[in-house]
């Protein structure tokens, strides 16, 4: 079963998928997986994915976008920059960042950092 990428205006179906079924993109900074992307019953657009970030890396400089976002750290250690503050994070840490607020993540550990993210526009 492939990742659910609903670009044709259809809603994301009810489903469960494992890491192997997500759409993976191999980047220089790590492996990006998209599990679901599209509209839901209550959200105009939703993206749910994960990033296994290599040691010492950041996917990009702090940035802003119109979606709200949660990040959940499940493995490794790093720093999250959110709305002017930098916080050390590890497994069990969670970030929420509102729309159009500057945020970013950096792996400060010696092994990979895995986080899951959820972005949406209502």
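Exposure proxy check: 65, 60 ranked by fewest other beta carbons within 10 Å? Spell out each step's value before the answer.
Working: 65 13, 60 9.
Ranking 65, 60 by Cβ neighbours within 10 Å, fewest first, gives 60, 65.
Go ahead and collect, in residue order, the members of region 53-77 whose backbone nitrogen is under 18 Å from a label point 7 Å along the Cα-Cβ direction of residue 112.
Under 18 Å, as judged by backbone N against the label point of residue 112, lie 53-60, 72-77 of region 53-77.
For residue 41 and residue 63, what does the FRET efficiency come to when R0 = 25 Å and r is the distance between their Cβ atoms, rounded to the nearest 0.05?
Efficiency computed from Cβ-Cβ geometry: 0.30.
How far apart, in nm, are two points set 7 Å out from the Cα along the Cα-to-Cβ line at residue 14 and at residue 28?
It works out to 4.4 nm between the two label points.
If all Cα-Cα distances of the chain are sorted into 5 Å bins from 0 onward, what percent lands in each bin, rounded to whole numbers?
Percent of Cα pairs in each bin: 2, 12, 20, 23, 20, 14, 7, 2, 0.
Considering the chain as a Gaussian network with a 10 Å cut-off on Cα pairs, which listed residue, 74, 86, 47, attains the greatest mean-square fluctuation?
Its mean-square fluctuation being the largest, the pick is 86.
Does a label point 7 Å from the Cα of residue 55, set along Cα-to-beta-carbon, have any residues of region 94-113 with amide nitrogen under 13 Å, and which are they?
107-113
Quick note: the coordinates plus some simple rules give every number you see, no bench work behind them. What you see is a predicted model; the values in this text were computed from it and never measured. Ideal geometry is used to build each Cβ from the backbone, glycine not excepted, and the neighbour counts take in all protein chains shown.
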